[in-house]
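What follows is a short report on a single structure.
The values are calculated or read from the model by the stated rules, or taken from the named source; none is laboratory data. Keep in mind that this is a model prediction, so the values were computed, not measured. As a convention, Cβ positions derive from the backbone with ideal geometry for all residues, glycine included, and neighbour counts pool all protein chains shown. Note: areas computed on protein heavy atoms with side chains; ligands, DNA, RNA excluded. Shrake-Rupley method; radii C 1.70, N 1.55, O 1.52, S 1.80 Å.
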Amino acid sequence: QVQLVESGGGLVQAGDSLRVSCAASGDTICIAAMEWYRQAPGKERELVAGITSSGRSYYGDNMEGRITISRDNVKNTAYLQMNSLKPEDTAGYYCKIWGTCGDYWGQGTQVTVSS
């Protein structure tokens, strides 16, 4: 079992930066990759970025550029740095891990960008 706790969301203004975190606990040795998804009201959940245990990062369509994912393997924490935020970045941001133990999702953290 793996538990995920997201933090760092909030209300920001357009153009601001924000970093959200996902801390994993439990059977973390099974984790192959940590990913961030987001879901805006009325829209499907979409991949924002992911990072493997070896540090290889990947991004969803049109995500790279303003967004950077990183990972601290000692703390079992993934970070999503978002710069130049836009109102259309407003969404619930969800952490997901996958690996030999299966898939686990966090409860999410809300990011709201005001214009």
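Structure remark: mean-square fluctuation, Gaussian network model of the chain, C-alpha springs under 10 Å; the largest value among 69, 51, 29 belongs to 29. Projecting label points 7 angstrom from Cα along Cα→Cβ for residue 39 and residue 74 puts them 3.5 nm apart. With θ taken as phi - 60° and the Karplus curve 6.51 cos²θ - 1.76 cosθ + 1.60 applied, the whole-hertz 3J(HN,Hα) list for the range 85-97 is 4, 10, x, 6, 7, 4, 4, x, 10, 10, 9, 9, 10 Hz, x standing for glycine and proline. On a per residue basis, the chain carries 53 Å² of accessible surface, using protein heavy atoms and a 1.4 Å probe. Applied to the range 32-46, the Karplus parametrisation 6.51 cos²θ - 1.76 cosθ + 1.60 on θ = phi - 60° returns per-residue 3J(HN,Hα) values of 9, 8, 10, 10, 10, 10, 9, 9, 8, x, x, 10, 6, 5, 10 Hz, with x for Gly and Pro. Both numbers refer to the Cα atoms of the chain; Rg and Dmax are 13.4, 42 Å.
So, counting K/R as plus one and D/E as minus one, what does the shell of residues with Cβ under 15 Å around residue 20 add up to?
Values: positive: 19, 38, 66, 71, 75, 96; negative: 6, 16, 35, 72, 89.
That sum, taken over residues with Cβ under 15 Å, equals +1.
The Cα-based radius of gyration of the range 1-46, divided by its Kirkwood radius, gives an Rg/Rh of 1.05.
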